[in-house]
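**Student:** Here it is, the structure in full.
The values are calculated or read from the model by the stated rules, or taken from the named source; none is laboratory data. These figures come from a predicted structure and were not determined experimentally. Cβ sites come from the backbone with ideal geometry, for glycine too, and all protein chains shown count toward neighbours.
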Amino acid sequence: MNIKRWLSQLSITVKLSLTAFVVIAIALGLMTLSIARTATGILDRNALDAMKTQLELSKSVLAAIDRQARASLAHAREQMDERLGQLATQEGDVLILRKGIDLPFVSFALSRLPFAFVTYQLDQTNGWEVASSKMTHGEPITELPEVIEEKFRAAQQGKGSVQLARMNGRDHMVELVPLQINNQISGILLLGVDIHDGLEEAKRQILASKIGETGYIFAVDSNPGPGHGRLTMHPELEGQIQLHTKDVNGFEFIKEMLREREGIVRYFWHNPELGEKEPREKLAYYGVFEPWNWVLSAGSYAEEFNRDSATLRNYLLAFSAIALVLMILALWFASRRLVSRPLGEVVAAANALAGGDLGVRLQSRSRDEVGELLQAMNVMIERLSQTI
């Protein structure tokens, strides 16, 4: 039996109810999806605004550390200038040593000052190499700092710079000072102040701030060189290179953040070691902290922000289902009473009339189209009776 034939055999009540069911179900479904999508969008925007606020607060904390570090570095520079006295003069970023003053003498003069330093000298055969070094309290440096290559090249051209660097497992704010010896830049002094304790405390404060329920803020080094893509702040993976980390779809989201430097990123993350059965979407807002060239990211699982939207959607679906059933039942009873039953009476009267019963009469209970039909039938029966 095809659909058309099946539909043609249904009563008007059933046809009206089915039609209403389809139309109302589609309307309520579209309304529910529209409201849920709008709510999700609003919650996403609110979540992103909260992430941006947290990120700006984190930048403020790091900026305070940066200001203190640069002030300490400026004080160390004053101590160095005072110790060298008339043995050197400053011209721009370049420290010009008087004739007869060499790197070993500079190292000796600075050896008792309370800051770390590394001196580099230009060897005609081997190029630039470390000449001497010491930590803040005089101990030897066993872990030399990773100097950003472009800044080291700039120092060779007479341009000084400041950067973060790690020596002996401790963070330092360092300044590269070009040294002119015998009319050429053949030495570079790296002057460093220890900021490790202050920076670690700042990181603890930032990591203590939760994004959503389980999210956090992390930072990635975007400076070119061997440290590019290293996590400089993370609750578990700090110090690891994560440049090529991919989500379950192969998306290298860390590389994306380092390239774009500011924006929104979505990716799908799976932690099977935590018992997760399937990947979940993560939402993050990221931006750059310019003084250190760190990219900071604040994010968490999207479901933590959209859970209220899912709850609203489920409530709407339940309400829509109940409303749909009630409306269909109301339409069913109304159509049976107002349409099907009167039409059934008309059919019965017509059959009786066809059988020769001219005494049949229909009772009209309304003035609508069905009522007019019943009245018309009564008039027709009356005239037939008179004619016959």
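The rows are residues; the columns are (1) among the basic types (Lys, Arg); (2) assigned to a loop (DSSP other than H, G, I, E, B); (3) surrounded by 15 or more Cβ atoms within 10 Å (Cβ to Cβ); (4) outside the structural domain of residue 297 (by TED's automatic domain parsing).
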site	(1), (2), (3), (4)
205	no, no, no, yes
216	no, no, yes, no
227	no, yes, yes, no
236	no, yes, no, no
249	no, yes, no, no
267	no, no, yes, no
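**Student:** Considering (1) closer than 30 Å to residue 124 by Cβ; (2) surrounded by fewer than 22 Cβ atoms within 10 Å (Cβ to Cβ); (3) touching a residue at least 24 places away in the same chain (Cβ under 8 Å), say which one residue 167 fails and leave the rest.
**Tutor:** Checking residue 167 against (1) closer than 30 Å to residue 124 by Cβ; (2) surrounded by fewer than 22 Cβ atoms within 10 Å (Cβ to Cβ); (3) touching a residue at least 24 places away in the same chain (Cβ under 8 Å), the one that fails is (2).
**Student:** Take residue 177 and tell me if it is part of a strand (DSSP E or B) and buried (at least 20 other Cβ atoms within 10 Å of the Cβ).
**Tutor:** Yes; evaluated as a whole, the condition is true for this residue.
**Student:** Residue 127 versus (1) of a type outside the set (D, E, K, R); (2) on the phi > 0 side of the Ramachandran plot; (3) touching a Pro at 6+ places or on another chain (Cβ under 8 Å): which is the lone unmet condition?
**Tutor:** (3)
**Student:** Yes or no: residue 150 part of a helix (DSSP H, G or I), of a type in the set (Asp, Glu) and at pLDDT below 95?
**Tutor:** It is true that residue 150 is part of a helix (DSSP H, G or I), of a type in the set (Asp, Glu) and at pLDDT below 95.
Here is a yes/no grid of residues against (1) among the acidic types (Asp, Glu); (2) modelled with pLDDT of 90 or more; (3) touching a Gly at 6+ places or on another chain (Cβ under 9 Å); (4) assigned to a loop (DSSP other than H, G, I, E, B):
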residue: 114; (1), (2), (3), (4): no, yes, no, yes
residue: 117; (1), (2), (3), (4): no, yes, yes, no
residue: 120; (1), (2), (3), (4): no, yes, yes, no
residue: 128; (1), (2), (3), (4): no, yes, no, no
residue: 133; (1), (2), (3), (4): no, yes, no, no
residue: 141; (1), (2), (3), (4): no, yes, no, yes
residue: 145; (1), (2), (3), (4): no, yes, yes, yes
residue: 162; (1), (2), (3), (4): no, yes, no, no
residue: 172; (1), (2), (3), (4): no, yes, yes, no
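**Student:** Let me ask another. Could we say that residue 153 is surrounded by fewer than 20 Cβ atoms within 10 Å (Cβ to Cβ), within 26 Å of residue 236 (Cα to Cα) and not assigned by TED's automatic domain parsing to the domain that holds residue 286 here?
**Tutor:** It is false that residue 153 is surrounded by fewer than 20 Cβ atoms within 10 Å (Cβ to Cβ), within 26 Å of residue 236 (Cα to Cα) and not assigned by TED's automatic domain parsing to the domain that holds residue 286.
**Student:** Out of the residues in the range 91-106 meeting the condition of being at pLDDT 90 or above and not in a loop (DSSP other than H, G, I, E, B), tell me which one is surrounded by the fewest Cβ atoms within 10 Å (Cβ to Cβ).
**Tutor:** Selected residue: 91.
**Student:** Return the residues of the range 125-150 that are within 40 Å of the chain's Cα centre (by Cα) and surrounded by fewer than 17 Cβ atoms within 10 Å (Cβ to Cβ); say none if nothing qualifies.
**Tutor:** Result: 142, 143, 144, 149, 150.
**Student:** Right, something else. On the basis of being closer than 30 Å to residue 61 by Cβ, in contact (Cβ under 8 Å) with a residue 40 or more places away in the chain and out of contact with any helix residue (DSSP H, G or I) (no Cβ under 7 Å at 6 or more places or on another chain), does residue 141 make the cut?
**Tutor:** Judged against the criteria, residue 141 is not a match.
**Student:** Tell me, please, whether a residue that is farther than 17 Å from residue 147 by Cα, among the small types (Gly, Ala, Ser) and under 16 Å from the mean Cα position of the chain (by Cα) can be found in the range 256-274.
**Tutor:** Yes, there is a match, as at least one residue in the range 256-274 is farther than 17 Å from residue 147 by Cα, among the small types (Gly, Ala, Ser) and under 16 Å from the mean Cα position of the chain (by Cα).
**Student:** Another question, if that's okay. Based on what the data block shows, is residue 201 in a strand (DSSP E or B) and charged (D, E, K, R)?
**Tutor:** When the stated conditions are applied, residue 201 does not pass them.
**Student:** What is the number of the single condition among (1) acidic (Asp, Glu); (2) assigned to a loop (DSSP other than H, G, I, E, B); (3) within 19 Å of the chain's Cα centre (by Cα) that residue 281 does not meet?
**Tutor:** Unmet for residue 281, out of (1) acidic (Asp, Glu); (2) assigned to a loop (DSSP other than H, G, I, E, B); (3) within 19 Å of the chain's Cα centre (by Cα): (2).
**Student:** Further question on the same structure: Hey, can you tell me all the residues within the range 57-70 that are among the hydrophobic types (A, V, I, L, M, F, W, C) and over 13 Å from residue 172 (Cα atoms)?
**Tutor:** Residues satisfying the conditions are 57, 61, 62, 63, 64.
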